[in-house]
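The values are calculated or read from the model by the stated rules, or taken from the named source; none is laboratory data. What you are looking at is a predicted structure, and each value in this text was computed from that prediction instead of being measured. Here the Cβ positions follow ideal geometry from the backbone for every residue, glycine too, while neighbour counts run over all protein chains shown.
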Amino acid sequence: MTGRQVTRVLPHTTQTAAGEPPVLAPAVTLQGVTVSYTPQSRPALDVERLVVERGERVAIIGPSGAGKTTLLRLINGYVQPDAGQVTVLGTEITAHPSRRQDVRRRVGFVFQDFSLIDRATTFENVLWGRLGRVNPLWSVLGWFSEVDKHAAMDAVVEVDLTQQTRQRADTLSGGQQQRVGVARVLAQQAEIILADEPVSNLDPALADDILGLLAEVSERYGATLIMSVHQPALAQRYAERIIGLNQGRIAYDGSARALNGQALQAIYGRKVITDVPPLVTQVSDAEVPPEVTVDVTPMPARTRSASGERIIPS
Ligand SMILES: Nc1ncnc2c1ncn2[C@@H]1O[C@H](COP(=O)(O)OP(=O)(O)O)[C@@H](O)[C@H]1O
Ligand SMILES: [Mg+2]
């Protein structure tokens, strides 16, 4: 690959007083937010304050039912809070519901079950990521500009699926299907990439592969990455910051490196074996697979140069 331009997302800024340099609005701000699906039950999510800055790589962990999916869906406006303010990329979507669609166009979503159109090709699925960017009438007619097609093809190359460009999605392997899911949000030029358990349907080697890809491309495209991850070890390896949820509340919010046995106990609410060296921690929690040993192997070295060429590891 030579001469390929990486399409960078355009930063959106907040207004400041005249003469002051513009300030980039945080990716996400939650203030006094509660979400309840049923009036009688305790809120599925109850967050006093949460700020995710632009460019952060955040993993959300917590037991099943802790509110991970609810938090992600709140950010792209698919779930409305019953109290509080949600501000995404500088727009308070709770105060301006009409702007929700505009914000959603700038927020990409990678799904656990890949959510591809089976009969469509890799390329067509990725092109679908451009839908929010084309005139609605044109999109109904299936008309995409050369710019759209180039963006889609760039994304296909980016995730290493050039050979599978014309292959039907339902004939791809699971790992390849999730690569299409990642390419779709790249073609969308998403400023925030949300991923809800993106590797839960993949075997461990592929899980590493896809999380590595998500971490790498979000960094390279300057996007903010917020992903829920079932295994703390993976979260720790691929995110810089970890948000641990327990029954809808933030039980831990800190650096990935500082996530220790005590923090895991607060998040998973069960006994945690801590008589092991720091940062090598086992959780005795049926929710978490028994092999959850938090090792802190750093993210593998980048395997590509900034211009997209593969770097052969020495
Ligand atoms: N559509 C829904 N209707 C009713 N309750 C829901 C719905 N979605 C989620 N919940 C409840 O909200 C809580 C948080 O769920 P969820 O956000 O899916 O957690 P997680 O993704 O961490 O497993 C759970 O108690 C779940 O049962
Ligand atoms: Mg979930």
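Some observations on this one:
- Within the set 58, 103, the sole residue that is crowded, with 18+ Cβ neighbours inside 10 Å, under 14 Å from the mean Cα position of the chain (by Cα), in contact (Cβ under 8 Å) with a residue 24 or more places away in the chain and more than 13 Å from ligand 2 (Cβ to nearest atom) turns out to be 58.
- Pair list, Cβ under 7 Å, 6 or more apart: region 66-77 residue closer than 17 Å to residue 54 by Cα, other residue assigned to a helix (DSSP H, G or I): 76/104
- Residue, farthest from ligand 1 (Cβ to nearest atom), within region 45-70, restricted to residues that are assigned to a loop (DSSP other than H, G, I, E, B) and under 18 Å from residue 266 (Cα atoms): 63
- Qualifying residue in region 266-274 (condition: modelled with pLDDT of 95 or more, among the aliphatic types (A, V, I, L, M) and surrounded by fewer than 22 Cβ atoms within 10 Å (Cβ to Cβ)): yes
- Set 190, 195: member being modelled with pLDDT of 95 or more, part of a loop (DSSP other than H, G, I, E, B) and either touching a Leu at 6+ places or on another chain (Cβ under 6 Å) or closer than 18 Å to residue 224 by Cβ (or both): 190
Condition check ((1) of a type in the set (Lys, Arg); (2) without any contact (Cβ under 8 Å) to a residue 60 or more places away in the chain; (3) touching a Gly at 6+ places or on another chain (Cβ under 8 Å)) across all residues:
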residue	(1), (2), (3)
176	no, yes, no
179	yes, yes, no
190	no, no, yes
194	no, no, yes
213	no, yes, no
233	no, no, no
241	yes, no, yes
263	no, yes, yes
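- Qualifying residue in region 95-104 (condition: within 13 Å of residue 31 (Cα to Cα) and more than 9 Å from ligand 1 (Cβ to nearest atom)): yes
- Filtered residues of region 9-44 (kept if of a type outside the set (A, V, I, L, M, F, W, C), within 16 Å of ligand 1 (Cβ to nearest atom) and modelled with pLDDT of 95 or more): 34, 36, 37, 43
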